Amino acid sequence: MPKYVITAKRKLAPRVNWFRIQAPLIARRAQPGQFVIVRLHEKGERIPLTLFDWNANEGFIELVVQEVGKTTMEMGRYNVGDHVLNITGPLGNPTHIDMYGVVVIVCGGVGSAVCYPVAKALRERGNKVISIIGFRTRELVILEEEFRRISDEVIVTTDDGSYGVKGFTTDALRSLLESGVKPGLVYTAGPVIMMKKVAEITRRHGVLTYASLNPIMVDGTGMCGACRVTVEGRTVFACVDGPDFDAHKVDFDELAKRLAQYTEEERIALEKYLNTVSRGG
Amino acid sequence: MSTGGSRVKKKRVPVPRREPAERIRDFNEVVLGYTLEQAMEEASRCLQCPLNFAPCVKGCPVHVNIPGFLRKLREGDVKGALEIIMETNPLPGITGRVCPQEEQCERNCIMGRIGDRINIGKLERFVADYARKHGIRPEVKIPPSTGKKIAIVGSGPAGLTAAAELRKMGHEVRVFEALHEPGGVLVYGIPEFRLPKEIVRYELEYLSKIGVEILTDVVVGKTLSLRDLLTEYDAVFLGTGAGTPNFLNIPGVNCLNIYSANEFLTRVNLMKAYLFPEYDTPIKKPNRVAVIGGGNTAMDAARSALRLGSREVYVLYRRTKELMTARQEEVENAEEEGVKFMFLVSPVEFVCDDKGRVKAVRLIKMRLGEPGRDGRPRPIPIPGSEFELEVDAVIIAIGQTPNRILFKDIPELKLTEKGTIVVDEKYRTTVKGVFAGGDAIRGESTVVKAMGDGWKAARSIDEYLKTGE
Ligand SMILES: Cc1cc2nc3c(=O)[nH]c(=O)nc-3n(C[C@H](O)[C@H](O)[C@H](O)COP(=O)(O)OP(=O)(O)OC[C@H]3O[C@@H](n4cnc5c(N)ncnc54)[C@H](O)[C@@H]3O)c2cc1C
Ligand SMILES: Cc1cc2nc3c(=O)[nH]c(=O)nc-3n(C[C@H](O)[C@H](O)[C@H](O)COP(=O)(O)OP(=O)(O)OC[C@H]3O[C@@H](n4cnc5c(N)ncnc54)[C@H](O)[C@@H]3O)c2cc1C
Ligand code: SF4
Ligand code: SF4
Ligand code: FES
Ligand SMILES: [Mg+2]
């Protein structure tokens, strides 16, 4: 009686997979900006993943997962019919969906999966949505079609210029703001360094900015404090007080350091895993 | 054999424990427990005070019929003893291990006036262990269903006891647990070497055998709302515990390798990080660790760190040894294993290296002043006495406040200043049909007090189901 069965899977780009998973209770309550905690199997760790989409009637949720280490790579090998052992959620506070006028979404890499449901909800609320989605190179571009459907304007950037506009999302954001666009809100998710840059730019323009933070989590229910971040000089727990915070008040340098706490252990875990897979295990 | 010996035996039958040097190398249990012969001999020392008088029973928050089970035990009737214990205590293998017996049942034992008090805890544990190893199950008769449905939020000792009691009254009971494994602190906090998880799992099996359903991965307030529960169930019991860790509000507290005790213990126990990389969850294996605090949680964190291979583990406490809140037995175990204690010190800053990793704790010396509001002497900093202790990890074990994730969902639920749920003498909260107990109403307390709450709340819930009050 596995509960969380994978009913569909697609590869969006190299090392980026989209999953549809049966999880009726979560689908019923999910809101944009929330996430789940997934544990693959008995020996698995608990990792947070954003709810990309969901359907309450059919009882499924959708996740977009980038393979960056042991657990996400292992999940990448799960196929339709397989099941994951535990999924808890929806966790975190939903994004505050309001009428802001113009909203600019700035997301990098798999951060676009984090932004998508938020962008969609903001558009449905009546905002004009300009989405800037950025990737390293052409073959890593994901969700472009999806963003075109729910945005008034989409700017795709690639670092190497192999597709869309050459440069970083932050370059596109800067030109947009300098061209006189006056958003009521900028929403950002992606690499910490990018979110930090976004915050610096919008601060100069005095634009309200939310960042969806991604610190290391364990339980996701406020019980451990692994996910603590400093916002306006105060320690808060991203899993219960966030994950969205006013980007102008976040200590991004601390967040970046804390995300690197286990790089040594993560390397060991990955090496061991790759060894077992290559031995056909 | 000792049964019915006419002369009172003043000395306790000692309990075998593993040698410190051996036990700090693994996470296996430290205290080994009695054999049947030893248990019968220890049980035979009991004076069999009449039940309505027996002071030991009065000291037990769930009122285990202690002389009753000891009588069966000294006759060698383990099943009989188990059935008597489980009339009021569904988790004997757990309480026998983790209750602060010296402050509860054993504290009151009459034998204390002429010799050693009866080792009630270890005997309770013996009965549970022997029964488990020999496949002895208590016979329980569940009355026909009353048709009433009760939702229990949280699967710690409070929730589990309420669930067992309500089920034994014939109600339909379903438990919702946020984590992937039921048990609360029993599975994520208290380490394997004090409470093997196999025992928690076995005692949980008893609950499913009597028909209690436990659903994991359900965060009430998120996955389901409390309102959902109130529509679908006739009553709700909140046993959500006190799981939110306090951090020190001093510079450097977010440096790398500074853990809350909850995070450290959750990684080690629930996620089995001590078996990394066989298990996926990582943990730092530091050389020099400072544990801040003086309670059970601090002892568990310090002893776990030793077992992960730390060479030096310091417990830093701002009061004196006598004022520590940890169980005495656990302090002794920690000392034997080589944990070092520093008393009358308090951290003022954590110093980090350029990568953001903690490298020292700055401490200030303290002295004891007048008793504060809680009646305990208040520690006062001695100006100019700061010094540094070099460490490469810190575990903060200075207490926890109630889990709040549910509270946002239901503003009518009244809380105290400390964040605990307000209840009346019948465990009723300010929301009709919602009851609460355990750490959620007390703040940090003990397993058996949480169980006592669950036990009494079950009776109030039963009354509510019958009378609507
Ligand atoms: C709220 C939130 C939402 C997220 N949503 C998504 C998403 O939709 N799609 C997606 O691909 N990724 C998402 N992530 C990131 C994802 O959780 C990590 O990539 C994943 O945990 C890495 O696990 P691993 O074992 O494969 O890699 P590892 O090699 O173990 O780690 C790689 C890096 O990921 C980060 N990481 C490791 N463990 C955790 C953890 N327990 N919690 C958070 N970060 C961790 C660390 O920075 C680490 O250096 C989200 C993170 C958060 C906090
Ligand atoms: C490290 C440590 C060592 C200890 N050692 C001892 C000891 O030796 N002896 C002793 O007597 N006591 C000890 N204690 C104290 C004892 O464990 C607690 O007093 C007791 O567990 C409280 O029981 P409880 O049922 O109220 O809550 P908990 O055991 O905290 O259980 C609460 C449960 O509710 C769940 N929950 C919370 N919110 C929700 C929600 N919204 N939806 C669903 N589920 C939810 C939590 O995940 C948790 O599983 C120790 C505590 C700690 C932390
Ligand atoms: S439950 Fe605890 S207090 Fe009660 S008899 Fe057993 S060990 Fe003693
Ligand atoms: S008080 Fe001591 S001697 Fe009396 S019944 Fe209880 S355990 Fe036995
Ligand atoms: S992940 Fe544990 S408190 Fe946020
Ligand atoms: Mg990992």
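Throughout, read-outs are computed from the coordinates displayed, never taken from laboratory work. Nothing here was measured: the structure is a model prediction, and the numbers come from that model. Neighbour counts are summed over all protein chains in view; Cβ atoms, including those assigned to glycine, are modelled from backbone coordinates with ideal geometry.
Structure notes:
- Kirkwood radius, chain B, all distinct C-alpha pairs, inverse of mean reciprocal distance: 23.4 Å.
- Computed over the Cα atoms of chain A, pair by distinct pair, the Kirkwood hydrodynamic radius stands at 19.2 angstrom.
- Three-way shape call for the stretch B:155-271 based on the alpha-carbon gyration tensor, with the a/c threshold at 1.5: oblate
- Normalised by the number of residues in chain A, the average gap of Cα pairs under 8 Å and 6 or more apart makes the relative contact order 16 percent.
- Whole-number percent relative contact order across the stretch B:384-466, with pairs defined as alpha carbons under 8 Å at least 6 apart: 22 percent
- Taking the centroid of alpha carbons for each part, the stretch A:41-70 and the stretch B:310-375 are 41 Å apart.
- For the residues of B:280-288, the average number of beta carbons from a partner chain within 10 Å of their own beta carbon is 5.
- Net charge dipole size for the stretch A:1-97 [Lys, Arg +1 and Asp, Glu -1 on Cβ; Debye, nearest 20]: 80 debye
- Secondary structure note: in the stretch A:102-260, about 25% of the DSSP beta bridges are antiparallel.
- Most mobile listed residue (A:N214, A:N93, A:N79) in chain A, GNM with C-alpha springs under 10 Å: A:N79
- Taken over the protein assembly as shown, the alpha-carbon convex hull comes to 179 cubic angstrom per residue.
- For the options A:E62, A:E271, A:E144, a Gaussian network treatment of chain A with springs between C-alpha atoms closer than 10 Å singles out A:E271 as fluctuating the most.
- Rg/Rh for the stretch A:4-91 (Cα atoms only, Rh after Kirkwood) is 0.92.
- The residues neighbouring B:E336, those whose beta-carbon lies less than 13 Å from its own, together hold a net charge of -2 under the Lys/Arg +1, Asp/Glu -1 convention.
- Reachable lysines from A:K128, criterion Cα separation under 28 angstrom, eight or more residues apart if same chain: A:K120, A:K166, A:K182, A:K196, A:K197, A:K249
- Cα centroid separation, the stretch B:381-453 to the stretch B:198-272: 13 Å.
- Computed FRET value (nearest 0.05) for A:N55 with B:T320, which takes r as the C-beta separation and R₀ as 45 Å: 0.15
- Gained length - B:K408 relative to B:E370, 0.36 nm times residue gap less alpha-carbon distance: 9.9 nm
- When the alpha-carbon atoms of the stretch B:227-366 are used, the pair Rg, Dmax equals 17.7, 57 angstrom.
- Counting DSSP beta bridges with both ends in chain A, the antiparallel % (nearest 5): 60 percent
- Helix-only mean residue ellipticity at 222 nm for the protein assembly as shown, each DSSP H run of n ≥ 4 adding -39500 (n - 2.57), per residue, nearest 500: -9000 deg cm²/dmol
- Share, in percent, of DSSP beta bridges within chain B that are antiparallel, nearest 5: 40 percent
- Listed by chain and number, the aspartates and glutamates placed with their C-alpha closer than 17 angstrom to that of B:K414 are B:D424, B:E425, B:D439; residues fewer than eight positions away on the same chain are left out.
- Quarter of Cα convex hull surface for the stretch B:1-107, i.e. mean projection, nm²: 7.7 nm²
- Stokes-Einstein diffusion of the stretch A:102-260 at 10 °C, 1.306 mPa s viscosity, Kirkwood radius from Cα pairs, rounded to a whole number: 101 µm²/s.
- Nearest-0.05 FRET efficiency for A:K166 and A:K11, computed from C-beta distance (R0 22 Å): 0.30
- For the stretch A:102-260, the Cβ-based charge dipole about the Cα centre amounts to some 240 debye (Lys, Arg positive; Asp, Glu negative; other atoms uncharged).
- Dividing the Cα radius of gyration of the stretch B:407-469 by its Kirkwood radius returns 0.97 for Rg/Rh.
- Mean separation of Cα contacts under 8 Å (6+ apart) over length of chain B, as relative contact order %: 16 percent
- GNM result for chain A, Cα springs below 10 Å: residue of A:V65, A:V165, A:V129 fluctuating most strongly: A:V165
- Between A:D246 and A:R279, the contour length at 0.36 nm per residue exceeds the Cα-Cα span by 7.2 nm.
- Applying 1/(1 + (r/R0)^6) with R0 = 51 Å to the Cβ-Cβ distance of B:K11 and B:K418 gives a FRET efficiency near 0.70.
- Computed over neighbours whose Cβ is under 11 Å from that of A:G92, the net charge equals -1, Lys and Arg +1, Asp and Glu -1.
- Spatially proximal lysines relative to B:K359 (Cα-Cα < 21 Å; intrachain offsets below 8 disregarded): A:K257, B:K284, B:K285, B:K340
- Protection proxy ranking of B:251-262, B:311-322 - average other beta-carbon atoms within 10 Å, highest first: B:251-262, B:311-322
- Number of partner chain Cβ atoms within 10 Å, mean per residue of B:247-254: 3
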